[in-house]
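*Asks:* Can you keep this structure in mind? I'll have questions shortly.
The values are calculated or read from the model by the stated rules, or taken from the named source; none is laboratory data. Everything numeric in this text was worked out from a predicted model, so none of it was measured. Positions of Cβ are generated from backbone atoms using ideal geometry, with glycine treated the same way; all protein chains shown enter the neighbour counts. Calculation scope for accessible area: heavy atoms of the full protein, side chains included, ligands and nucleic acids excluded. Shrake-Rupley method; radii C 1.70, N 1.55, O 1.52, S 1.80 Å.
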Amino acid sequence: QVQLVESGGGLVQPGGSLRLSCAASGFTFSISAMNWYRQAPGKERELVAGISSAGSTNYADSVKGRFTISRDNAKNTVYLQMNSLKPEDTAVYYCNALRRTLYGSKIWDYWGQGTQVTVSS
């Protein structure tokens, strides 16, 4: 049974920091790309950051220099360190596990239940 369990969300003041965690189980974590998405009220879900199985990372322009994604394959966990948070970072943050074939077809595409991040004074 596949599970992605996010934690670490909450209320933080502008300029503050949070670290999100996503604990994975039920699939081979080390060979999966892992992503963090977010969805704000009334907006579409957007990719925030991703990390490949080899450790390569990518970020949305809006979070570059402020957010850092990392993974610990020994713990089957992916993290999102969020610094210098802004009110516009307020959203539900979702963990995603994605594996594709060399030709782009999805092998798996799993989602967590989301964790709320609210940035407000």
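*Asks:* Is there a pair in 43/64; 43/86; 75/106 whose C-alpha atoms are over 22 Å apart, and which pairs would that be?
*Replies:* From 43/64; 43/86; 75/106, over 22 Å: 75/106.
*Asks:* Return P(r) of the chain (all Cα-Cα pairs; 5 Å bins starting at 0; whole %; ordered from short to long distances).
*Replies:* P(r) over the chain, rounded to whole percents: 2, 12, 23, 25, 19, 11, 6, 2, 0, 0.
*Asks:* With a 1.4 Å probe and all protein chains left in place, how much of the accessible area of the stretch 1-66 comes from carbon and sulfur atoms, in whole percent?
*Replies:* Roughly 46 percent, rounded to a whole number.
*Asks:* Using alpha carbons only, how many angstrom separate the centre of the stretch 1-33 from the centre of the stretch 65-107?
*Replies:* Computed from Cα coordinates, the inter-centre distance equals 7 Å.
*Asks:* Roughly how many Å² of residue 82 are accessible to a 1.4 Å probe, to the nearest 10?
*Replies:* Counting only protein heavy atoms, residue 82 exposes about 0 Å² to solvent.
*Asks:* To the nearest 10 Å², what's residue 17's accessible area with a 1.4 Å probe?
*Replies:* 60
*Asks:* Before I look further, what does the chain give for accessible area per residue, probe 1.4 Å, in whole square angstrom? Can you show the working numbers first?
*Replies:* Numbers: 6420 Å² over 121 residues.
Heavy-atom accessible area per residue stands at 53 Å².
*Asks:* Something else about it: Which one, 59, 108, 14, projects farthest toward the positive side of the charge dipole computed for the chain from Cβ point charges (K/R +1, D/E -1)?
*Replies:* Sorting the options by dipole projection puts first 108.
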